[in-house]
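Reviewing the structure listed below.
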Amino acid sequence: MKTDDILEKKEYYSILLQIYENLLTESVKRRMESFYFDDLSLFEIAENEKVSRNAIFQSIKAGKKEIDFYEEKLHVYKRCKMISKLIDKKILDDETINKIREDYLYGI
């Protein structure tokens, strides 16, 4: 996997974690935050928590699977990205604005 792909994936999961972190267990949330936000290695997290590196790996893997599931069902990231692109392009017509309002009124 290319370095750019790895960085894009890490950024993607960092954003998903910010969106869905409160839906994760405390231990998974803490470990993912250490990995994605604090940029600690699996070894460093394992050392801090006095568990095996594999336990951290499995925890982060399970957390990624869980937030992927939430995003697949709720599409919060996808919608935010779409709105951001529209704002950047300055092409928000009345229909799009009404769709955005509707989404926010009914909770994305």
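Close contacts from the range 56-83, counting a first residue that is more than 15 Å from residue 18 (Cβ to Cβ) and a second that is among the β-branched types (Val, Ile, Thr), with Cβ to Cβ under 8 Å and a gap of 6+ residues or different chains, come to 56/45; 59/28; 60/28; 62/28; 75/108; 83/100. Applying a threshold of 7 Å to beta carbon distances and a minimum spacing of six or more residues, or different chains, the list of pairs starting in the range 22-37 at a residue that is over 23 Å from residue 7 (Cβ atoms) and ending at one that is open to solvent by less than 80 Å² (accessible area, probe 1.4 Å) reads 23/70; 27/59. The helices (runs of 4 or more DSSP H) found entirely in the chain that carry 1 or more residues being at pLDDT 90 or above and touching a Ser or Thr at 6+ places or on another chain (Cβ under 6 Å) are 26-36, 42-49.
Looking only at the range 63-81, which residues are of a type in the set (A, V, I, L, M, F, W, C) and surrounded by 15 or more Cβ atoms within 10 Å (Cβ to Cβ)? Quick ask: steps written out before the conclusion?
Initial filter on the range 63-81 (of a type in the set (A, V, I, L, M, F, W, C)): 67, 69, 74, 76, 80.
The answer is 67, 74, 76.
Taking the range 1-45 on its own, how many of its residues are among the basic types (Lys, Arg) and either over 23 Å from residue 76 (Cα atoms) or surrounded by 16 or more Cβ atoms within 10 Å (Cβ to Cβ) (or both)? Before you say what the answer is, go through the steps one by one.
So the first thing to find is which residues in the range 1-45 are among the basic types (Lys, Arg), and the list is 2, 9-10, 29-31.
In the following step, the residues that additionally are either over 23 Å from residue 76 (Cα atoms) or surrounded by 16 or more Cβ atoms within 10 Å (Cβ to Cβ) (or both) were identified as 2, 29-31.
Matching residues across the range 1-45 total 4.
The values are calculated or read from the model by the stated rules, or taken from the named source; none is laboratory data. Bear in mind the structure is a predicted one, so any value in this text is a computation, not a measurement. All Cβ positions, glycine included, derive from the backbone under ideal geometry; neighbour counts span all protein chains shown. All accessible areas refer to the heavy atoms of the entire protein, side chains included, with ligands and DNA or RNA removed. Shrake-Rupley method; radii C 1.70, N 1.55, O 1.52, S 1.80 Å.
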